[in-house]
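Participant: So that we are looking at the same thing, I have put the structure below in structure tokens.
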Amino acid sequence: MKKLLATAALTLLTTAPMVASANQHHTHHHYHHGGPNAYQGPRVGLGISYLSDRYIDTDSGFKLEGGYDFNRIVGFNLSYEESGFDYYRGSVDYSTVKFGADLGYAFPLSPSVSLKPYVSLGFHRTTEDDRWCSGKYCYSTNYSDTNTYYGIGVRLTADMFYINVSNEVLKLDVGPYRYEPDQIGVTFGLKF
């Protein structure tokens with residue numbers, strides 16, 4: 001999974017200059033048209049997500065996100081993310097709803113391309129579903145926690161398309177455990 005994040009980040013960083021160069025002579029721009037609202041508007045995307053720390057290392061799940069950018073600096077985000085893992089006698093699944101803000105600066109790379117590194121913060125509600133079997137009996141438990149998160153990310157926007165890579169740390173109290181896993185996501189979407 002860490003290789004996947006590194007590959008996505010490398011792709012994002014190497015694609016940005018090429019997209020900017022290819023769009024320098026592009027005269028019709030859907031989003032970054034240079035007007036007063038060039039960096040404002042809603043966005044929606046879909047991608048992958050997983051949790052990782054010394055206690056958890058889930059398989060890749062999915063992420064659905066939406067948001068709104070007020071200007072080059074401030075935006076808000078709403079997402080739903082699921083991931084989990086199987087082990088010898090059971091499985092663990094996580095689902096997270098997050099609502100928060102991102103603060104950064106969208107640097108213009110060309111009239112239709114921008115790159116926004118940002119920090120994020122907000123609130124999440126995460127549910128952990130555990131299922132395991134012992135002999136012929138199976139059991140399940142369910143824990144939920146509402147808490148805060150913080151993180152970093154970078155979003156490349158080209159015309160009406162974007163790629164977002166994020167690493168956000170969830171403060172999490174689940175059952176008897178207190179820990180802070182990284183929730184890593186890569187999404188592709190549309191900017192309106």
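The values are calculated or read from the model by the stated rules, or taken from the named source; none is laboratory data. Quick caveat: nothing in here was measured; it's all calculated off a predicted structure. Methodologically, a virtual Cβ is constructed for each residue, glycine included, from the backbone with ideal geometry; neighbour enumeration extends over all protein chains shown. The protein model used for the area step is the full one, side chains on, heavy atoms only, and it has no ligands, DNA or RNA in it. Shrake-Rupley method; radii C 1.70, N 1.55, O 1.52, S 1.80 Å.
Participant: Name the shape class, rounded, prolate or oblate, that the alpha-carbon gyration tensor gives for the stretch 64-115, where a ≥ b ≥ c are the square roots of its eigenvalues, rounded holds for a/c under 1.5, and otherwise prolate holds if a/b is larger than b/c and oblate otherwise.
Facilitator: prolate
Participant: Below 14 angstrom from the Cβ of Asn147, what's the summed charge of the other residues (Lys, Arg +1; Asp, Glu -1)?
Facilitator: -1
Participant: What net charge do the residues around Asp69 carry, taking every other residue with its C-beta under 10 Å from that of Asp69, with Lys and Arg at +1 and Asp and Glu at -1? Mind dumping the intermediate values first?
Facilitator: Values: positive: Arg43, Arg72, Lys116, Arg155, Lys191; negative: Asp102.
That works out to +4.
Participant: Measuring from the lowest to the highest alpha carbon on each principal axis, how far does the stretch 107-192 reach, largest first, in angstroms?
Facilitator: 63, 25, 18
Participant: Compute, for Tyr118, the solvent-accessible surface of its heavy atoms (probe 1.4 Å) with the complete set of protein chains present, and express it in square angstrom to the nearest 10.
Facilitator: Surface accessible to solvent at Tyr118 totals approximately 20 Å².
Participant: Further question: Stretched out fully, how many nm does the piece from Phe76 to Phe192 gain, at 0.36 nm a residue minus the Cα gap?
Facilitator: 40.3 nm
Participant: If you count, for each residue, the other Cβ atoms within 10 Å and average over each peptide, how do 151-157, 69-75 line up from highest to lowest?
Facilitator: Those peptides, ordered most packed to least, come out 151-157, 69-75.
Participant: Please give me the summed charge of the neighbours of Asp102: other residues whose Cβ is under 13 Å from its Cβ, Lys and Arg +1, Asp and Glu -1.
Facilitator: For residues surrounding Asp102, the net value is +2.
Participant: Follow-up question, since we're still on this one. Taking the solvent-accessible surface of protein heavy atoms with a 1.4 Å probe, what is the per residue accessible area of the stretch 96-143 in Å²?
Facilitator: Solvent-accessible surface per residue comes out at 54 Å².
Participant: What ³J(HN,Hα) values, in whole Hz, does the Karplus curve 6.51 cos²θ - 1.76 cosθ + 1.60 give for the stretch 114-122 when θ = phi - 60°, with x put for Gly and Pro?
Facilitator: Values per residue, Gly and Pro as x: 9, 10, 10, x, 8, 10, 10, 7, x Hz.
Participant: Determine the share of the stretch 70-153's accessible area contributed by carbon and sulfur atoms, expressed in whole percent, with a 1.4 angstrom probe. It would help to have the intermediate numbers written out before the result.
Facilitator: Values: 2960 of 4570 Å².
Here it works out to 65 percent.
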